[in-house]
1. For the pair SER254/ASP584, report the inter-label distance in nm, with labels modelled 7 Å from Cα in the Cβ direction.
2. Treat each spin label as a single point 7 Å out from the Cα along the C-beta direction, and report the SER270 to ASP572 distance in nm.
3. Calculate how steeply helix 390-399 sits against the longest principal axis of the alpha-carbon atoms of the chain, using the helix alpha-carbon long axis, and give the answer as 0 to 90 degrees to the nearest 10.
4. For SER604 and ARG766, compute 0.36 nm times the residue count separating them, minus their Cα-Cα distance, and round to one decimal in nm.
5. Once the piece of chain linking ASP307 and ASP280 is laid out straight, how much longer is it, given 0.36 nm per residue of separation minus the C-alpha distance between them?
6. Dividing the alpha-carbon Rg of the stretch 400-519 by 2.2 N^0.38 Å yields what?
7. Would you give the gap between the C-alpha center of the stretch 547-569 and the C-alpha center of the stretch 88-138, rounded to a whole Å?
8. Give me a comma-separated list of calculated 3J(HN,Hα) values for the stretch 563-572, in order, Karplus coefficients 6.51, -1.76, 1.60 applied at θ = phi - 60°, integers in Hz, x for any Gly or Pro.
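What follows draws every value from the coordinates through simple rules; no lab data is involved. On a predicted model such as this, the values are computed, not experimentally measured, just so you know. Please note: Cβ atoms are built from the backbone with ideal geometry, for glycine as well, and neighbour counts cover all protein chains shown.
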Amino acid sequence: MITHSSYAVEPWTLRETGLKLDVLPQSESVFALSNGHVGWRGNLDEGEPHGLPGSYLNGVHEVHPLPYAEAGYGYPESGQTVINVTNGKIIRLLVDDEPFDLRYGRLHSHERVLDLRGGTLERTCEWTSPAGCTIRVRSTRLVSFTQRAIAAVCYEVEAVEGEVRVVVQSELVANEQLPTMVGDPRTAVALESPLDPEEHFAVGRRLKLVHRTRTSELRVAAAADHVVTGPDGTSTDSESVDDTARLTITSVLSPGNKLRLEKMVSYGWSATRSLPAVSDQVDAALAAATASGWQGLVDEQRAYLDDFWARSDVEVDGDEEIQQAVRVALFHVLQAGARAEQRAIPAKGLTGSGYDGHAFWDTEIFVLPLLTYTAPGAVAEALRWRQNTLPAARDRAAQLGLQGAAFPWRTIDGSEGSAYWPAGTAAFHVNADIADAVLRYVAATQDEVFERDTGVELLVETARLWRSLGHHDHHGKFHIDGVTGPDEYSAIANDNTYTNLMARTNLLAAADIVERHPHRAAELGVDDEESANWRDAADAMHIPYNHELGVHEQASGFTRYQVWDFDGTRADQYPLLLHFPYFDLYRKQVIKQADLVLAMYKCSEYFDEEHKARNFDYYEPLTVRDSSLSACCQAVIAVEAGHLHLAYDYLAEAALMDLEDLEKNTKDGLHIASLAGTWMALVAGFGGMRHVGDMLEFTPRLPEKFSRLAFTMELLGRRLRVEITAATATYTLIAGAPMRIRHYRTPLTVTLERPLSQDIPAATVRPAPDQPAHRRPNHRK
Ligand code: BGC
């Protein structure tokens, strides 16, 4: 587990001083670079030691059979797993006959710095080989936001004392040996040698490998080009075989002499294009990157990020760790989605192979809200990916005897990858989550082309699903039975409140959107009767309520179940799913992750203030947070319910999930939803931001520890900055036409000329509810 001292607390960088081999797997995730298309884990340049070597191309996966002990109708037959593609980061070094390997010799210094403004990972180290040669190595790596096929490394080696003969091998390596993974079943299956060679090439300083995955038949190409600068006598040679292409550079360095290598790597893949086409594609991308040059790429990267931070930065005064963590979070969420371009945003981004590289509802409910106000183009692309997968979702619905589209619970290519119905397709809410993301994006951008070409189809097909999945009872009430809500410790429940409320919004929005787009509606075969049925279902949606307790039920009958024996559960028995049978979890009151509490955030207007507080008090002692998706949701409602310190504790849990490796699985990849949840806890929690219709509303409230919270967001062509102190909120329009907002229900118009400052009313502070034994969040001092 990473202890916090692994990283220095600095506002714009993540700095690791010293190399801790035991936390190498975690730091490889934390130092991963990606643009949403290409992902490189933070492996050391020389490849070893490593926790998990990882180079990923979004969408490149292998398929494998899903085994079942007993057959059943409609079970997905094949699963998908992200694969480790050709590694272009490897730069091995031989120092006077001895490999530069930090496990041997003497390491005098080792520092890695993730620069959140520069978008680079820098490494500097000084090392003496077992034979006594001292060298200094400095490398800088980036995965380009501006040229999505490109990653690059600038590598320098310098002699410190005496003359040193060095050999640098810059490589492309396919089918790297991976460590065998054991333990947590959620960890990805490591696939052995998934790539069949098709072409290899090494001429001068250019290298290329083209491979194809065996069963999924995806063609993957990687090419590299180099600029080498060294003292007289420096020579180069290149060679290639099926799985390796290598440039070898030999040089003799006197003290102070440097050998410098600029390596550009381009990647491409395709399920349909021919070998020459994909091969040419990586050559072309490389030509563009070479024309920019290393410094050009570095400058473009910074300019891209300057622009991002101007739109998106969050400033926190009073807690430097949270300040750093929220920027790390924003950076990694951007990396996960920036250039995904009609591919999924996986739960781990492209930082590791956890969850087999699958995307879940995490994308729409946690990641896209942040990106909507900071990088909206990425949201449109992520939703277009969902649209592209509609054929598979329609087939799945038809297979289940349903109408419309049943989007998969977990997937890479759009087909259902979950072999476990109760926490798989039964979590139908993913359909409404997609609809929610569509609505928010359209409300925030008024992107009419997207609404017409993508939004209508997604809303219609998801509404059809709900209408066919649910039914009206003899009183006319509409029920959605036998589904799993966000809490995976309850399954196949009737009328899950979150699902029903989200489906209700989905149905109404579909009925509204077809009125605005009659042509599209006609193309999709929607008639007046169908949309009237959606409205009827929405209006009659049943929301279960326990009158005796005065609380909303997570699902019908939930509050009648026996309460889990929390006092009899030991600390080492969490997460419960690894220690207790699901059947027992399912029939007790025990909650894996925010469910009704999430409903109170997402469908805020349905619940009055009193119920928000009462419901929160009821569900809090039952919620064990065995999912990293929970704390941020609890933070948001804890603020509303008047528990500011508890909200602060939850914010810290979400924010430090990976930096402190709280779930002990950061090595498998980052928890992208929890990172996005850091923004959610700050902006929607302490900022009290809700987007209602086309208007932003704020009910800000700071925890004692913060003296100031400021954030910027974009909406409808405006850029708004919100600055909050204990007593005042100031709204400043930085760009765009006058903007209407609400501050504690008071309507205001913010104009470019005049920031508006408003008082923050005193908070009603309520005694905070307790959590299950051993599952209280760390109390942040
Ligand atoms: C959570 C899901 C989530 C998945 C991927 C699970 O543990 O319960 O809600 O989608 O992880 O992050």
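1. 7.5
2. 5.5
3. Helix 390-399 and the main axis of the chain meet at about 50 degrees.
4. 56.4 nm
5. Gain on stretching ASP307 to ASP280: 6.5 nm.
6. Here the answer is 1.07, to two decimals.
7. Spelled out, the Cα-based centre of one part sits 56 Å from the other.
8. With coefficients 6.51, -1.76 and 1.60, one gets 7, 4, 7, 5, 5, x, 9, 7, 4, 7 Hz.
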